[in-house]
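*Asks:* Before I ask anything, let me first share the structure, which is written out below as structure tokens.
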Amino acid sequence: MAVFAHPRRLVVATVAGLALTSALGACSSADGDDAGSDGATKIGLIAAEQGPFAFAGTSYLKGAELAAEQLQEDGVEIELVVEEGSEDPAKSITAFNKLVGQEDVAEVVCCISSAVAGAMKPLATQREVPLVVYGATTPGLEDPPYVYRPALLPQQGIAPVATELAEALEPASAVHVTASDNDGLVAQSQAAAEALGAAGVKDLGTVNTLVADTDFSGAVTEILSTKAEMVTIYTLGEAAANIVKSLRERGYDGVILANNAIATGPNLASFGKTLADTYYSVEYFPTSELEMAADFTEAYEATYDETPDLFSSQGYTAVMYAAAGVSGSDGDVDAESISAALGEISTFDSVWGELTFEDGQSNSSSFQVVQIDDSGAPQLWSND
């Protein structure tokens, strides 16, 4: 079970029988510098319960801790050591150095923000400590043998979902909205635009915003002036929700495809019905019929008395994947051996279905389309 202590949080867990389809050997507990209490191998996690990404960071941490608690029931010991980084590059670097230096962790899980992951990438390589990135979406952050990303890139799902919506709903034209100062969001917007263009939807251009923007009246006026039958919105979640709300209040009744961060619990509670008929792509949805996803949902609800979201599934998957590196290190639970073991993983069973890895980046074909219904609740959408 989780043991909470401040300023950091420790979760002692065990890893055995991990759902890997690659041939990884079992690992015994170690007595080296990277061993924690009772011979446990230490895995660090840089959390974001504070700062601008706290809306997602709390879910990430809960999913990660649930993974650790479930692994405790199986076999090989790990110790999850948590430090707060607030998704601030300087604070996260400090947390990394503390985890690797004072805490002697063998592996670090981190990063919702691409800016933070980008700052951590050279540090992990320099310190030769494997970094498992659980959320950042800018392409190219993975860099074996020390930087791995089990988190899926949203654009992997955006393109097929945009195509499916274009074929089913037949919009003649689309305008695209993005936060132009965020590379990950720009890449997502471009994926949607390219897929829609290939499906025959006329591209009416891009309306650029900034991550720090709070007033979207000008952007909404520009969007409406195009008379586009479809709008794609790739900004941060609350910004996307504000744009959708303004569009609907000003009479826009076209198709809206948005970043999946629009459907966080706080956004749904705040914006509710104004988000109706907004679509987005996800790798995980609580009502998924996939067995591992259903088991995860049930366990999460039993543990926290709330429904898990995409972010909690990402935290959960990242710790499971990080633990697979320990399990595959054949008893040598130092950073170098864990890095090598992570590099050997080619397929991995997860709550999102089977993942395949190429050059440290996971891939999946199991994305689903979600539509926010008239009551403001997300539901799986089917083109039937």
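Coordinate-derived values only; no laboratory data. Here the structure is a predicted model, which means the values were calculated and not measured. Neighbour counts are summed over all protein chains in view; Cβ atoms, including those assigned to glycine, are modelled from backbone coordinates with ideal geometry.
*Asks:* Using a 7 Å offset from the Cα along the Cα-to-Cβ direction at both Y304 and L169, what is the distance between the two label points in nm, to one decimal?
*Replies:* According to this spin-label approximation, the distance is 2.9 nm.
*Asks:* Sticking with this one: Sequence gap of 8 or more, or different chains, plus Cα separation below 19 Å: how many lysine pairs satisfy both in the chain? List each step's numbers first, then the result.
*Replies:* Numbers: K42/K62; K42/K98; K91/K121; K98/K121; K202/K227; K227/K245; K245/K273.
Taking the chain as the scope, the lysine pair count is 7.
*Asks:* Listing W381, W352 from the residue with the fewest other Cβ atoms within 10 Å to the one with the most, what is the order? Provide the component values of the computation, followed by the final result.
*Replies:* Working: W381 18, W352 28.
In order of increasing Cβ crowding within 10 Å: W381, W352.
*Asks:* Taking the Cβ of each residue in F55, F216 as the centre, tally the other Cβ atoms inside 10 Å and list the residues starting with the fewest.
*Replies:* Values: F55 19, F216 23.
With the sparsest Cβ surroundings first, the list reads F55, F216.
*Asks:* Using 17 Å as the cut-off for backbone N distance, which residues of region 351-384 belong to the label zone defined by a point 7 Å from the Cα of A294 along Cα→Cβ?
*Replies:* Residues passing the 17 Å test: 351-354, 380.
*Asks:* Moving on. PRE reach from A377 (point 7 Å along Cα→Cβ): which of region 306-331 fall under 19 Å by backbone N?
*Replies:* Correct set: 306-310.
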